[in-house]
Structure formats: C-alpha cells, structure tokens
Amino acid sequence: MKQITLLAIVALAGWGCSQAPATGQGEDEPAFRFAPKTMTPLAQFGVENARDPRLAVRAASGSVYLLAVHQLQGLARLGLMRSNDGGDSFSPPTYISAAGANVSSHGENSPTFAFGRGREQYVLFEQRVPGGSTDLMFARAPIGQRWKKPYKITDKKKPSANVFSSLAVSPRGSIHAVWLDQRDRAKIPPGTASVYVASSFDRGKTFGPNVSVAEGVCPCCRPSLSFGPKGEMYVSWRHVFEGNERDIAVVVSTDRGKTFSETTRVSHDRWKVQGCPHSGAEMAQRGSRLYTTWYSDGDGKETAAGVRLAYSDDGAKTFSPPVMASQKILDTNHPRLSLAPDGRLALVFQGRDPVKNDGWSPTGAYVVDIAEDGSLSAPVAVPGHTRTVSYPSVAYGSVGRLFVAWSEEGPDGRTVYFNRARGDRVPVSKVPVSTTLPIR
C-alpha cells in the first residue's frame, strides 16, 4: 500500500513571502498571519491518496470540518474529518458514500458540504453509475451521529450527466442544490448545458422537483448559490453569450427557487474560448451587498486575465465595475469566498508568485481580505505547499481565524494539505472596488 500523507499540517516559521506594499502609514502588516504547524500523517487509516478538499467551520462549536475524496482499495470514497482544537489534530475519517460506491470528483466538479441551522450537516456529491453516467447524491446526519443513506435528488426519467454541483443552506434553514445537467441536450446549442436547482424544506428528508434555471451555459463551469437578507436566492453560472463570449451571469428567486428573474450579466469581459475553462463563479452575501468573484482571461485588449471581484447593492439587478482581486499574482484561477461570523470576508485563489523564478514558481494559494468598505488587502501567500497547489478551499472561524486546504500532485499520487492563520482587523494596500480593470 502506498504511504501517502492524507493531511499535511505544515510547519513554517513565517506567514509567507507575499507582504503588503507600503501604505505610507508606518510599518506594513500582512492581512493574515499563518501559524507554525507540525506534520500529521494519516496514512495509518489505509488511505492511498486524497484530493478535492472542502473546509467548513461550525459556528456553535468552532470545530473545523475537512471533507475530501479518499482513495481506498481502488474506490473513491467521501471522507469527513473533524478538528475540535483549531486544527491541532483531526479525527479519523468518517465515510459518507456507501461502501462499494465510487464518487465522481475532479477539480471544481467536487463534493460540497454545508451545516444546517440546527445540529445537522449535509453533503452533495456525484456517484458513478453503470454506463458512464452519474447520480447526484445527497446525504445528511445530525452532528455526532451516523450519516443517513445517501439518495438521488434528480427526477429525470432518462439518465444523463449531472456535473459541477453546489450545495447551500439558506438563513431560514431550507437546503438548495444547483448543478449542470445534460437532460436538455436535444434542444440546447451543441457544447452547452442547463442549470437546474432542487430544494428541500424538511431538513433534507426529501427534495422537491428539479427546476430549470438557464439553458445554453458553459458545460463545465461550476454554478453557485447565495442568499439575501429577505430570503432571496441567487444563482450564478458562466453563460455562453452571443459570439461565444463566456461571462458570468446571475439570477434571483424571491419564491424559494420556484421562479427566477431575468439574467444579469455581471461583467462584459468578453472572454471567447473554444472549449470549457473549468472555472465557475462564487458568491457571498454580507448585509445588503452581494459579492461575486470569478476568473476570466478577458478579451486580451481592454480586459486582462485574472481573478475579478464585483458587488451588487440592488439585488443583482446591476453590479459594480469589477476589480482585479488577484492584483499582480500570475496564472490565477479558482476563487472561493468565506464569510466569518463577525462579518469578515476572505477570498482564496491559486496563482504564481510574480517575483520567484521569473514568475514560474509552483502555483500556490493566496488569500485576500475584503473590507466592509469594499477595499482589498494585498494577496497573502499561504505557506506550506511543496509542489503546485490545486483548487484551494477557505473557511473563516471565530475571532478572525482562517483555515485553508488544497490538493497537491506528488510522485505517488495526490495529497491534501491544510494550514491556518489569524486575520488582522484592518487590511492594508487597499484597492477600491470602484477601480476598473487594468488594460493589458
């Protein structure tokens, strides 16, 4: 059996090599301080390798949950570990997918995890079925108890691919799933997909009918969900607009996912690509403001490549001009957001240090703090990676504690790594959200 480290909690003396530039207000301070850690191998549990991590922090207890796909005896299993001491140690994995079942996961097409309003936890994932298709599976469990048997939430009469799914729980406790579906292939443009949602109002015991949200969308860019203060449900995806321009779109539902508004185009990046970039958007609601972040290659003229950030103050009817949240970091992609209980908002993405090795250093994870006035801190490098970082995940805890996990590809397979930080209250090197994107 391969002896691969499933969870590497990395020991480094500093908080990283990416410091904030001068602000003219005294000594510069990073927005996040990463703590030294020791290595904790978990190969003794029989895990051959691990990938596609998702992090979550339960507000009531402060416990950190790490969901990942574990390779066990030739099968991809969905394993969940918990830390009750802020990441000092993690419990042995609890397996959610059924014995003998094979989880389908790669990159952004990975399982998602969410907490309910009470003492419950939920997971959404794709499971391979004979014939090369997948079933979209949901599972639930009270905190500290056994997971219920996963069940399929799609209501199709004929099997078709379900990919790039996301799960979220509204402030009122309803559970919502969104995914890309190929059931409409005969009536949509070739090379596109449809966005569908399904909702549960009985704490995950059942899901209602699948509702079509949009057609003709990019077929492998993950859609996402967010919720407003009045019960609004927002759905985002990468749409294929006229001229094969693949930009981010958002709609809103005010009737708990039964119907949706007209589509709002978040930004006119005008990215044309003959294929699918495997890069979706992420949203987060803070007060009355809806934030969205995404990657775009731009048009090569007026809009540059990088991770963007924009916001809406009118319920997704309009969005602010986007800013380049990744700033000077190179080869960025796969942004994710996390909102803290105290209102802090963090953005994580992968990219390359622009200074090291002439910009060809291994890809690392970077974190940006988004202040309440919309300004951004300088990206802070997450220490601890030994090779190229893929698909980082981020979760805010209490008192400014921040947790980051990611995958790395090594000579013996993939490995999941984890690190943690504390965040300063005031970010430095502010970039106003009203700033337009730089011209390439």
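Just the residues that are of a type in the set (A, V, I, L, M, F, W, C) and either closer than 21 Å to V69 by Cβ or not in a strand (DSSP E or B) (or both), please, taken from region 376-415.
So the first thing to find is which residues in region 376-415 are of a type in the set (A, V, I, L, M, F, W, C), and the list is 376, 378, 380-382, 389, 394-395, 399, 402-406.
Listed by number, the residues that qualify are A378, V382, V389, V394, A395, V399, F403, V404, A405, W406.
Which pairs turn up if I take residues in region 84-98 that are more than 21 Å from A59 (Cα to Cα) and look for partners that are among the basic types (K, R) and surrounded by 14 or more Cβ atoms within 10 Å (Cβ to Cβ) with beta carbon separation below 6 Å, at least 6 apart in sequence or on another chain?
Y95/R77; S97/R77
Those residues that are in contact (Cβ under 8 Å) with a residue 40 or more places away in the chain and of a type in the set (A, V, I, L, M, F, W, C), I need them from region 268-304; list them, please.
C276, A281, M283, A284, L290, W294, A304
With within 21 Å of the chain's Cα centre (by Cα), in a loop (DSSP other than H, G, I, E, B) and not basic (K, R) as the only criterion, which of G257, G280 stands out? Please lay out each step first, then the result.
On the way: G257 fails: within 21 Å of the chain's Cα centre (by Cα).
Answer to the selection: G280.
Just for region 247-275: of the residues that are modelled with pLDDT under 95 and under 19 Å from P190 (Cα atoms), which one is surrounded by the fewest Cβ atoms within 10 Å (Cβ to Cβ)?
Q274
Give all pairs with beta carbons closer than 6 Å in which a residue from region 59-83 that is on the phi > 0 side of the Ramachandran plot meets a residue that is at pLDDT below 90 and among the polar types (S, T, N, Q); count only pairs at least 6 apart in sequence or on separate chains.
Short answer, once both residue conditions are applied: G62/S398.
What about D358, is it more than 23 Å from L67 (Cβ to Cβ), at pLDDT 95 or above and either buried (at least 24 other Cβ atoms within 10 Å of the Cβ) or not aliphatic (A, V, I, L, M) (or both)? Break it down into steps so the answer makes sense when it comes.
On the way: more than 23 Å from L67 (Cβ to Cβ): yes; at pLDDT 95 or above: no; either buried (at least 24 other Cβ atoms within 10 Å of the Cβ) or not aliphatic (A, V, I, L, M) (or both): yes.
Here the answer is no, as D358 does not meet what is asked.
When you scan region 128-175, how many residues do you find that are of a type in the set (S, T, N, Q), without any contact (Cβ under 8 Å) to a residue 40 or more places away in the chain and assigned to a loop (DSSP other than H, G, I, E, B)? Break it down stepwise before answering.
In the first step, residues of region 128-175 are kept if they are of a type in the set (S, T, N, Q); the result is 133-134, 145, 154, 160, 162, 165-166, 170, 174.
Imposing the further condition that a residue be without any contact (Cβ under 8 Å) to a residue 40 or more places away in the chain reduces the set to 133-134, 145, 160, 162.
Narrowing further to those that are assigned to a loop (DSSP other than H, G, I, E, B): 133, 145, 160.
Total meeting the criteria: 3.
Tell me, please, whether a residue that is surrounded by fewer than 23 Cβ atoms within 10 Å (Cβ to Cβ), in contact (Cβ under 8 Å) with a residue 12 or more places away in the chain and within 29 Å of V69 (Cα to Cα) can be found in region 365-375.
no
The values are calculated or read from the model by the stated rules, or taken from the named source; none is laboratory data. Worth saying up front: this structure is predicted, and the values here are computed from it rather than measured. With ideal geometry, Cβ positions are generated from the backbone for all residues, glycine too; neighbour counts draw on all protein chains shown.
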